[in-house]
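Read through the structure below, which is laid out as structure tokens, and then see the notes.
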Amino acid sequence: PLTAADVAILAASGRESVDAVRRPRVRVFSSGEEVWTPAKGPFDASKHVRDANRAGLAALLAPHAEVSDGGVLPDDFEAWIDALRDAVRACDVVVTTGGASVGRADHAKAALEAAARGRVAFGRLHMKPGKPTTFATLDANSYDAGDAPGDPRYAFALP
């Protein structure tokens with residue numbers, strides 16, 4: 001958004017108008033049965049991981065985008081596809097964390113390809129931390145989607 005100082009500088013330079021675009025709409029998801037939110041009841045460190053990525057990425061993006069909370073995706077392929085299709089209808093960019101590795105319950109790449117005619121541009125980075133990172137284009141309208149690693153130390157190494 002333009003600040004008062006921006007408007008003053010534009011006026012001082014003789015500009016009567018400027019081109020502007022709306023901020024992108026971004027939906028942020030976490031994923032995994034192990035991801036804990038307060039709605040799941042008491043936290044058990046032996047089987048839960050606190051959902052830090054979704055809140056942290058939403059806060060990181062908020063100054064630059066209209067951010068909506070996608071919640072926590074379960075380790076279920078069809079749930080991923082449904083959530084991604086809904087997000088593509090409502091948003092310009094989709095960000096997920098977790099599910100990017102190669103485990104049995106890691107559905108990010110396959111779901112991104114299956115939902116809304118997705119095309120995965122890359123599925124790994126030669127970078128540590130952050131190796132299991134995916135970037136895809138969804139639908140014919142070129143909606144962007146990315147999946148960052150589930151560990152907060154790695155997810156925040158990427159932006």
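All of the numbers you see were taken from the coordinates with simple rules; none came from a lab. Small disclaimer: the values here were computed from a predicted structure and weren't measured. Here Cβ is always computed from backbone atoms with ideal geometry, including for glycine, and neighbour counts include all displayed protein chains.
General observations
- Between Asp86 and Ala59, the C-beta separation translates, for a Förster distance of 25 Å, into a calculated FRET efficiency of about 0.65.
- Rough spin-label spacing in nm, given labels placed 7 Å along Cα→Cβ, for Ile9 and Ala114: 4.8 nm
- Förster-model FRET efficiency, 35 Å R0, Thr37 and Glu16, C-beta, rounded to 0.05: 0.10
- Chymotrypsin sites (Phe, Trp or Tyr not before Pro) within region 1-72: DSSP coil, no more than 13 neighbouring Cβ in 10 Å: Phe43
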